[in-house]
Each structure stands twice: as C-alpha cells, then as structure tokens.
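K.L.:
Provided herewith is a single structure, encoded as structure tokens, for subsequent inquiry.
Please treat every number below as a calculation from the coordinates, not as lab data. Owing to the predicted nature of the structure, the values given are computational and were not obtained by experimental measurement. All Cβ positions, even for glycine, are placed from backbone atoms using ideal geometry, and neighbour counts span all protein chains on display.
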Amino acid sequence: MTVNEPRVLDLTAFDGREARRTRSTGSSSDLHLLRLALDLQLDAMLLTLGAAAHADTRGDGPGRAVPWRRWLGEDLELARTLAAALLEGESAPVPGLGGGFANARVETSLENLVARYVSMENLLGGLLERPADGQPWRPAAVEALQRCRHRLVELHAHRREVIAASAVPSGFLPGELLG
C-alpha cells in the first residue's frame with residue numbers, strides 16, 4: 001500500500017447481525033469448500049467400494065491385505081459428518097444427497113428412498129426374469145433383490161410410524177386443536 005492510497009476500514013466485526021451469521025453458519029465460500037470436500041469424499045468412498053469389491057472377487061493377493069471394508073465404513077461416517085455440517089450451515093442443495101436435503105422432512109426422505117428402492121426392485125426383478133445361462137452375476141443380483149425388498153419393508157414400516165406420530169390425536173376435530 002502506498003502512502004497516497006486511502007485505507008479501507010473493515011467494520012464487519014462491528015455489525016452484530018453479520019458477525020453472528022458468519023459465526024453460526026460460516027461464509028458461503030466456506031460452505032462451498034465444505035461441499036467440495038463432501039463431493040470428493042463421496043468419490044473416494046465409491047473408489048473404495050470398487051476396490052473392496054474387486055479385492056473380494058480376487059480372493060488372495062496384495063489387495064486383500066488392504067483394509068478396504070474398514071475404510072469404507074470410515075468413509076461413510078466422514079461423508080455423514082460432512083453432510084451434517086452442510087445441513088447445519090444451510091448450504092445449497094447437494095444433488096447426490098437428494099437435492100435440497102437441508103429442508104427435507106423425514107417423510108420426504110422416506111418417500112425418496114422408497115421410490116429409489118422400488119425402481120431398484122423393478123430393475124433387478126426384470127433382470128432376473130430373463131433365462132439363466134450360467135451368468136456369474138446372478139447370485140449377487142438375487143441377494144441385492146432380497147436386500148432391496150427387505151429395505152422396502154423397513155421403509156414402509158417407518159413411513160407408517162412417522163405418519164401415525166404426526167397424525168391429529170383421535171377424538172379431536174382439526175378446528176378444536178386451534179382453540
């Protein structure tokens with residue numbers, strides 16, 4: 001800075017509202033960087049998943065000694081932590097996490113999961129209806145279909161619980177609760 005240049009006084013710290021907002025949620029550039037970190041973590045998790053699956057199919061070998069499954073669990077926990085931080089910071093929607101997850105209600109999340117598992121069930125069911133000609137992938141597809149159906153049963157049960165918990169108490173008309 002030269003002697004003739006005017007000095008700019010930063011008064012941001014004296015603006016209580018702005019300071020509180022920045023402390024509680026961080027700046028948008030901070031949240032953007034956190035979102036990029038989450039994107040990278042999700043990519044890393046998918047790479048780890050692929051490596052773990054490849055190591056499982058190879059049997060023995062140097063890749064088998066790498067702790068792929070432990071890393072996959074740790075990657076999942078780190079991704080959950082980053083997603084929770086973004087949720088707390090009211091970040092922009094993250095497409096890989098169901099769009100605008102910051103405002104998603106439990107019912108919406110359950111409905112979105114049901115839609116995805118129903119689609120997966122239809123895809124796997126259609127695939128397995130084809131004649132079996134010694135395809136090595138068939139047992140994995142059968143297991144995936146069974147797990148998918150089990151998850152759908154669980155999702156429907158949770159949806160019923162959420163709907164029942166949010167229902168109007170019996171014996172009251174909606175207007176009576178308003179007073």
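K.L.:
Once both labels are modelled 7 Å past Cα along the beta-carbon direction, what's the VAL142-LEU46 spacing in nm?
P.N.:
3.0
K.L.:
Compute the FRET efficiency between ARG58 and ALA167 as 1/(1 + (r/R0)^6), taking r as their Cβ-Cβ distance and R0 = 41 Å, and round to the nearest 0.05.
P.N.:
0.20
K.L.:
Same structure again: Across every pair of different alpha-carbon atoms, what Kirkwood hydrodynamic radius in Å does the range 105-166 reach?
P.N.:
Value: 12.8 Å, from the Cα pair sum.
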